[in-house]
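For reference, the structure discussed in these notes is given below.
The values are calculated or read from the model by the stated rules, or taken from the named source; none is laboratory data. None of the values given here were measured: they were computed from a predicted structure. Cβ coordinates were reconstructed from backbone atoms using ideal geometry, including for glycine residues, and neighbour counts include every protein chain displayed.
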Amino acid sequence: MPSIKVVFFASLKDVIGINEYVIDLTLPSTIAQLKQKLAAELDNGQALLEKNIQSSVNYEFARDADVLTDEVTEVAFFPPVTGG
């Protein structure tokens, strides 16, 4: 089972209480499935299930339906971003 580094940014990092986490994940899996697993494993991980939590895979924006493969080394989660 491959390990994936998960990184949390901004207020999401504060809510969950850690900067990063390494998780063993059966692949292929979707971002949504990863969120569910993290929500079950982490204190305050339920915050990942809130509406509009955004993600990236290997530094590229991703959506909940995107599939993680063995090429994935890092997934990041962050609250909605606004530009100005």
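Observations on the structure shown:
Conditions (1) surrounded by 14 or more Cβ atoms within 10 Å (Cβ to Cβ); (2) assigned to a loop (DSSP other than H, G, I, E, B); (3) free of Cβ contacts under 8 Å to residues at least 24 places away in the same chain, marked per residue:
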position: 1; (1), (2), (3): no, yes, no
position: 5; (1), (2), (3): no, no, no
position: 13; (1), (2), (3): yes, no, yes
position: 36; (1), (2), (3): yes, no, yes
position: 52; (1), (2), (3): no, yes, no
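- Figure legend. Inter-residue proximity from segment 62-79: first residues charged (D, E, K, R), second residues buried (at least 19 other Cβ atoms within 10 Å of the Cβ), beta-carbon distance below 6 Å, spacing 6+ or different chains. Indicated pairs: 64/31; 66/31.
- Among the residues making up segment 54-82, those that are among the aliphatic types (A, V, I, L, M), modelled with pLDDT of 95 or more and loosely packed, with under 14 Cβ neighbours inside 10 Å are 65, 67.
- Residue in segment 30-53 that is hydroxyl-bearing (Ser, Thr, Tyr) and under 21 Å from residue 14 (Cβ atoms) present: no
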